[in-house]
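Here is the structure we will look at, set down as structure tokens.
The values are calculated or read from the model by the stated rules, or taken from the named source; none is laboratory data. What you are looking at is a predicted structure, and each value in this text was computed from that prediction instead of being measured. Cβ placement follows ideal geometry from the backbone for every residue including glycine, while neighbour counts extend to all protein chains displayed. Protein only, heavy atoms only, side chains kept; ligands, DNA and RNA dropped before computing areas. Shrake-Rupley method; radii C 1.70, N 1.55, O 1.52, S 1.80 Å.
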Amino acid sequence: MSQGFGHEMPARHVQQEHRKVSRYLIVIESGAGPVAKLFLDSREPAGEFDVGTEEVAVMTRSATSSTGASGAEWDKALSGHSADERAAATVYLLDI
């Protein structure tokens with residue numbers, strides 16, 4: 001005997017597209033203190049949060065880093081930051 005007799009069948013599940021993987025994490029000084037910013041390969045912003053969170057420690061544990069985000073590839077992504085803030089920023093290349 002069918003348990004769904006007389007009831008409408010639910011709609012088929014539609015798989016949503018997954019978000020792209022974040023490739024860069026930048027720790028940069030901001031007006032209220034340092035922040036961590038996530039970026040995709042294309043330098044599009046993917047998130048921003050407080051540098052003191054546990055997630056930042058986990059993400060940067062095995063990531064390679066460099067100092068400075070003054071290159072032209074970061075101009076649009078970090079347009080709200082001064083040249084000094086960008087020069088002092090730490091850029092982490094996240095594992096994929």
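On alpha carbon coordinates alone, what is the Rg over Rh value for region 21-71, Rh being the Kirkwood radius?
0.93
The shape of region 41-96 can be summarised by an equivalent ellipsoid whose semi-axes, obtained from the alpha carbon gyration tensor, come to 20, 13, 12 Å from longest to shortest. Spin-label pair Asp41-Thr53: with each label point 7 Å from Cα along the Cα-Cβ axis, the two points sit 2.4 nm from one another. With the charge dipole of the chain set up from +1 on Lys and Arg Cβ and -1 on Asp and Glu Cβ about the Cα centre, the Cα lying farthest toward the positive end among the listed residues Gly71, Ala11, Val21 is that of Ala11.
When +1 charges are put on Lys and Arg Cβ atoms and -1 charges on Asp and Glu Cβ atoms, the dipole computed for the chain relative to its Cα centre reaches about 260 debye. Panel note: the C-alpha atoms of the chain, placed on their principal axes, show extents of 72, 27, 27 Å (largest first).
With every protein chain kept in place and ligands, DNA and RNA left out, what is the accessible area per residue of the chain? Probe 1.4 Å, answer in Å². All intermediate terms of the calculation are to be shown ahead of the outcome.
Values: 7240 Å² over 96 residues.
Here the residues of the chain average 75 Å² of exposed surface.
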